[in-house]
Amino acid sequence: MKDFHNKVAVITGAGSGIGRALAIALAGQGAQLALSDLNQAGLEETVAQLPAGTRVRSYLLDVSDCEAVFAHAAQVKADFGTAHLLFNNAGTTLIGTFENQTVEEMEWLVNINLWGVVYGCKAFLPMMLEQREGCIVNLSSVFGLIGYPTHSAYNITKFAVRGLTESLWSELDGSGVEAICVHPGGIKTGFEQRLRVSQKVGVREQNMQKKAASLMHTSPAQCAREILAGVRRGKRRIVTGQHSRLLYWLPRLFPESYPRLIKSLTP
């Protein structure tokens, strides 16, 4: 999709970070915005930062609630007539080794990071197929490219989002609808300040908490610019963030030994 002017862009997790940056960048290019988040105050802050005259609606939404996501899609269609772009951006994380994370904690994360994306795709894809125009942008992570210690549940969700999106590449071929997988890494979203940690905490979890902030180098605005540039060019995979391209290539060049090579980045 080369032109965003007057296109309706749906962005989940728009109350902060990458979602907010995408909203601001898209508004600057003339897009209409349907923004959602669980954080009402965050949504209001995002809307306040948009250029005057932007056509925007904000919605409270829990992406882990299937019925709520489908109702959201219906409301967006009622408010805007359709949707051209869907950014499945909402997500969270959970620090913890596989041994220390409980099944309940992992289910909580999967419901948001994976099912939230699945529900979004299911809810908005039909209207895109009907109009034979659309672009679904699913936010995975660099941790959807490599297995990273103390993030086992997070890795599960982000590898799954990648798998879903890659399946859509061929399934949607010729439909007029594109699917794009984004792998951000080290984005300074403030995410690192509100990290959830497994109830059972060991030395590795504690070390990861301390180290998280030092791994964030790229601004959300820069990340959003790179994502939108990739969308305009029709790229199927977008890797963004300092060191992210290195992490993209490591498992391809060193499929069995790469865990040793990223040891300096692990707790």
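What follows draws every value from the coordinates through simple rules; no lab data is involved. Keep in mind that what you see is a predicted model, and the values were worked out from it rather than measured. Quick reminder, even Gly has a Cβ in these numbers, built from the backbone with ideal geometry, and neighbours come from all protein chains shown.
Points worth noting:
- A simple charge model with +1 on the Cβ of Lys and Arg, -1 on the Cβ of Asp and Glu and nothing else charged puts the dipole of segment 8-265 at about 1000 debye relative to its Cα centre.
- Alpha-carbon centroids, segment 70-124 and segment 240-261: separation in whole Å: 27
- About its Cα centre, the dipole of segment 22-93 is roughly 320 debye, where the only charges are +1 on Lys and Arg Cβ and -1 on Asp and Glu Cβ.
- When the inverse distances between all different Cα atoms of segment 53-111 are averaged and flipped, the Kirkwood radius reads 14.1 angstrom.
- Computed label-point distance, nm, for sites V103 and K235 using a 7 Å Cα→Cβ extension: 4.1
- Candidates A153, T92, F254 compared by Cα position along the dipole of the chain: farthest toward the positive end lies F254, with charges placed on Cβ.
- Tail weight of P(r) past 29 Å, computed on alpha-carbon pairs of segment 8-265, percent: 27
- Mean-position separation - Cα centroids, segment 144-173 and segment 7-31, in angstrom: 23
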